[in-house]
1. For the range 14-67, what % of the accessible area comes from carbon and sulfur atoms, probe 1.4 Å?
2. Considering only protein heavy atoms, what per residue accessible area in square angstrom results for the range 82-162 with a 1.4 angstrom probe?
3. Take the alpha carbon gyration tensor of the range 108-165, find the square roots of its eigenvalues, order them as a ≥ b ≥ c, and report rounded if a/c is under 1.5; if not, report prolate when a/b exceeds b/c, else oblate.
4. Averaged per residue, what accessible area in Å² does the range 14-67 show with a 1.4 Å probe, protein chains only?
5. How far is helix 82-95 tilted off the main Cα axis of the chain, in degrees rounded to 10, range 0 to 90?
6. What's the FRET efficiency of ASP48 with ALA68 using the Cβ-Cβ distance as r and R₀ = 35 Å, to the nearest 0.05?
7. Mean-square fluctuation check for the chain, GNM, Cα pairs under 10 Å: which of VAL108, VAL154, VAL40 is largest?
8. So which lysines can LYS59 reach, going by Cα to Cα under 25 Å and dropping same-chain residues fewer than 8 places off?
Amino acid sequence: MSDKYVPDQILGHSDEADGIEEYDNALPAWWLGLFAFTVVFGVLYTVDYHFISHRSQVKEYTAELEAAPKPAAVVAGSASGPEAIEAGKAIFGANCVGCHGADLHGGVGPDLTDHTWIHGGRLPDIEKTITTGVPEKGMITWGPILGPQKIAQVAAYVHEAGGGE
Ligand code: HEC
């Protein structure tokens, strides 16, 4: 090693690197500048992130979750009593008889009076089935169509007339 910088000198360790030679040249000033800049930027950014702005991924995530629209509760409506059942009967007549039959004995859809429930025969089960539907089997997702109130009523009717548990 001489004190004087001599460009284009081969370092001579090709034996360690599969025959690849390397010059011992100075790095370009623009490259070194960029490198120094990233180091300084990194330090400043870290200090700012943690100690000045007090940011954190957990905080951002929590804030996003809070800002996001809440999913509608699966069972939001409630209705009971003869009036609800009467209203439910009308809703059933307008929307459901095509598949479940006017007397609930089924057709395309299953018999709702046979005391055999695929998705449960308790009132909340029936409400949930109607709300979410079983799209892959042909039962429509009624939640967005009827809304919680009408679903609660038609569920009360199915539960009553169909002999729910
Ligand atoms: C396009 C046909 C169709 C319409 C219209 C329809 N259903 Fe269904 N429904 C089905 C099918 C098919 C199933 C069976 C789903 C399965 O096998 O998982 C079903 C299942 C159900 C079940 C679950 C039965 C069980 O055994 O768990 C309920 C409750 C029900 N429907 C109520 C309704 C109500 C209330 C309406 C009207 C708002 C309605 N359905 C309209 C086709 C329909």
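1. Carbon and sulfur: 66 percent of the exposed surface of the range 14-67.
2. Computed with neighbouring chains in place, this is 54 Å² per residue.
3. Numbers: a/c = 1.92, a/b = 1.17, b/c = 1.63.
Note, shape of the range 108-165 comes out oblate.
4. The answer is 91 Å² per residue.
5. Helix 82-95 sits at roughly 70 degrees to that axis.
6. Efficiency, from the Cβ-Cβ distance: 0.80.
7. VAL40
8. LYS70
The values are calculated or read from the model by the stated rules, or taken from the named source; none is laboratory data. Quick caveat, the model's predicted, so the values are computed rather than measured. Virtual Cβ from ideal backbone geometry, glycine too; neighbours counted across all protein chains shown. We work out accessible area using only protein heavy atoms, side chains counted, and drop any ligands, DNA or RNA first. Shrake-Rupley method; radii C 1.70, N 1.55, O 1.52, S 1.80 Å.
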